[in-house]
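Engineer: Just passing along the structure, written as structure tokens.
The values are calculated or read from the model by the stated rules, or taken from the named source; none is laboratory data. In this text, all values refer to a predicted model and were calculated from it rather than measured experimentally. Please note: Cβ atoms are built from the backbone with ideal geometry, for glycine as well, and neighbour counts cover all protein chains shown.
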Amino acid sequence: MANHGRPGAIRKSKKGPSTGTGGHGRKALEGKGPTPKAEDRTYHKAYKNKQLSERSAAKRGPARPGTGARSGPKGRATEELVTGRNSVVEALRAGIPAKALHVAIRIEMDDRVKESLKLAAERGIPLLETGKPELDRMTEDAVHQGLVLQIPPYEYEDAYDLAETTIAKWKKGHISNAPIFVALDGITDPRNLGAIIRSVSAFSGHGVIVPERRSVGVTASAWKTSAGAAVRVPVARASNLNNALKQFKNMGIYVLGLDGDGDVSLPDLTVATEPVCIVVGSEGKGLSRLVRENCDQIVSIPIDSAMESLNASMAVGISLYEVSRQRSA
């Protein structure tokens, strides 16, 4: 059938012949493309939550990048959040440094909330009333019970600078006892770190050295376990523990590794009155091979043969006691 010069083809239907569009309706047939994400649809709840998160992030400002001297390897979170009413009130009781206390809008009050607000106010910690969606986002949907304590990153000293400064003070007579440090090799439990900091403080030690990688840092849990000693004892970071130990030896610091299969028994130690750095490994693996090679002596603690090993913090406490005893003898 002829099309009489029209651009569209002639189609037949029950209502009779009709003219096609000649391809002009192709765009309508193609549709509107893929469905936008929920967070990009202005009428969707996810869009509103996204806008809330972006406004909150803008108020807080850009996060500080992690560095070896402050908050660990690049990419690691620079701040810590303590969540839940029990955890928050215990952290505030322990005097853990805090940047802000986030409190849910229209929170249901109980004794823990009241005490948390009181302690935060006494210490001058900012109180921020925050919506539940934002608290959920901040904590990645952890159980926060309407309370979130924001902990700033710990300000680590440099291991070499700490040792050099301490040795200089000792030589000038500003420090009566020879410097004593504790270095951690492969310790990952923050409670161990907190207990070690507490022991170092109890026996007048001058600092704790932790590696920058694959090691525990000063977290809220470590602060709490230290029972306030983290305020008095500096924790320094070494980008490479073995290099730091070599530098210590060049400064005249004796590096002593703790291990059950030691060269000398702790009571027979002869360098206790000199500057020393006690190195302790994890309870399971002990000292790494390279760290052992960089120690001046491997020291063992006499224990019952039925006991395979001691907890790292316990071993450090016993060793510090013996060094202190020999120095006062």
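Engineer: Among what's in the stretch 153-174 and is surrounded by fewer than 16 Cβ atoms within 10 Å (Cβ to Cβ) and in a loop (DSSP other than H, G, I, E, B), pick the residue that is nearest to the chain's Cα centre (by Cα).
Structural biologist: Looking only at the stretch 153-174, we keep the residues that are surrounded by fewer than 16 Cβ atoms within 10 Å (Cβ to Cβ), and these are 155, 161, 164, 168-169, 171-174.
Of the ones still in play, those that are also in a loop (DSSP other than H, G, I, E, B) are 155, 172-174.
On the way: E155: 12, K172: 36, G173: 36, H174: 33 Å.
So, considering only residues that are surrounded by fewer than 16 Cβ atoms within 10 Å (Cβ to Cβ) and in a loop (DSSP other than H, G, I, E, B), the one nearest to the chain's Cα centre (by Cα) is E155.
Engineer: Let me ask another. In the stretch 57-103, how many are assigned to a loop (DSSP other than H, G, I, E, B), among the aliphatic types (A, V, I, L, M) and at pLDDT 50 or above?
Structural biologist: Of the stretch 57-103, the ones assigned to a loop (DSSP other than H, G, I, E, B) are 61-79, 84, 94-99.
Okay, now just the ones that are also among the aliphatic types (A, V, I, L, M), so 63, 69, 77, 94, 96, 98.
The next check asks that each one be at pLDDT 50 or above; those that pass are 94, 96, 98.
Looking only at that region, the number is 3.
Engineer: Also, I was wondering about something else. Does G252 qualify as being in the same structural domain as A272 (by TED's automatic domain parsing), in contact with a Gly (Cβ under 7 Å, 6 or more places away or on another chain) and in contact (Cβ under 8 Å) with a residue 12 or more places away in the chain? Don't jump to the end; show me each part of the working.
Structural biologist: Values: in the same structural domain as A272 (by TED's automatic domain parsing): yes; in contact with a Gly (Cβ under 7 Å, 6 or more places away or on another chain): no; in contact (Cβ under 8 Å) with a residue 12 or more places away in the chain: yes.
So G252 does not fit the description; no.
Engineer: Return a yes/no flag: does the stretch 117-129 have any residue that is in contact with a helix residue (DSSP H, G or I) (Cβ under 6 Å, 6 or more places away or on another chain), over 30 Å from N240 (Cβ atoms) and either assigned by TED's automatic domain parsing to the domain that holds A244 or surrounded by 19 or more Cβ atoms within 10 Å (Cβ to Cβ) (or both).
Structural biologist: no
Engineer: Can you spot a residue in the stretch 212-219 that is crowded, with 20+ Cβ neighbours inside 10 Å and outside any loop (DSSP other than H, G, I, E, B)?
Structural biologist: No.
Engineer: Still on this structure: Which residue pairs have Cβ atoms closer than 6 Å, lie 6 or more positions apart in sequence or on different chains, and pair a first residue in the stretch 97-109 that is more than 17 Å from P152 (Cα to Cα) with a second residue that is acidic (D, E)?
Structural biologist: What qualifies is V103/E129; I105/E129.
Engineer: Hey, another quick one. Of everything in the stretch 76-86, what is surrounded by 18 or more Cβ atoms within 10 Å (Cβ to Cβ) and either without any contact (Cβ under 8 Å) to a residue 24 or more places away in the chain or aliphatic (A, V, I, L, M) (or both)? Give them in sequence order. Even if it seems obvious, please write down each step before you answer.
Structural biologist: Of all residues in the stretch 76-86, those surrounded by 18 or more Cβ atoms within 10 Å (Cβ to Cβ) come to 80-85.
L81, V82 - these are the residues of the stretch 76-86 that are surrounded by 18 or more Cβ atoms within 10 Å (Cβ to Cβ) and either without any contact (Cβ under 8 Å) to a residue 24 or more places away in the chain or aliphatic (A, V, I, L, M) (or both).
Engineer: Same structure again: Scan the stretch 235-249 for residues that are surrounded by fewer than 20 Cβ atoms within 10 Å (Cβ to Cβ) and free of Cβ contacts under 8 Å to residues at least 60 places away in the same chain and report the count. I'd like the intermediate steps shown before the answer.
Structural biologist: Within the stretch 235-249, the subset surrounded by fewer than 20 Cβ atoms within 10 Å (Cβ to Cβ) is 239-240, 242-243, 246-247, 249.
Now restrict to residues that are free of Cβ contacts under 8 Å to residues at least 60 places away in the same chain: 240, 242-243, 246, 249.
Counting residues in the stretch 235-249 that are surrounded by fewer than 20 Cβ atoms within 10 Å (Cβ to Cβ) and free of Cβ contacts under 8 Å to residues at least 60 places away in the same chain gives 5.
Each row is one residue, and each column tells you yes or no for (1) more than 30 Å from the chain's Cα centre (by Cα); (2) assigned to a helix (DSSP H, G or I).
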{"site": "A244", "(1), (2)": "no, yes"}
{"site": "G257", "(1), (2)": "no, no"}
{"site": "D261", "(1), (2)": "yes, no"}
{"site": "P267", "(1), (2)": "yes, yes"}
{"site": "T270", "(1), (2)": "yes, no"}
{"site": "C277", "(1), (2)": "no, no"}
{"site": "G284", "(1), (2)": "no, no"}
{"site": "S309", "(1), (2)": "no, no"}
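Engineer: Moving on to the next point. Conditions first: (1) part of a strand (DSSP E or B); (2) surrounded by fewer than 22 Cβ atoms within 10 Å (Cβ to Cβ). L184 passes all but one, so which condition is the exception?
Structural biologist: (2)
Engineer: For H174, work out the one condition from (1) modelled with pLDDT of 90 or more; (2) of a type outside the set (D, E); (3) in the same structural domain as V89 (by TED's automatic domain parsing) it doesn't fulfil.
Structural biologist: In the conditions (1) modelled with pLDDT of 90 or more; (2) of a type outside the set (D, E); (3) in the same structural domain as V89 (by TED's automatic domain parsing), H174 misses (3) alone.
Engineer: May I pose another question? Which of the numbered conditions does A329 fail, given that it passes all the others? Conditions: (1) out of contact with any helix residue (DSSP H, G or I) (no Cβ under 9 Å at 6 or more places or on another chain); (2) among the small types (G, A, S); (3) within 17 Å of D185 (Cβ to Cβ).
Structural biologist: For A329, the failing item is (3).
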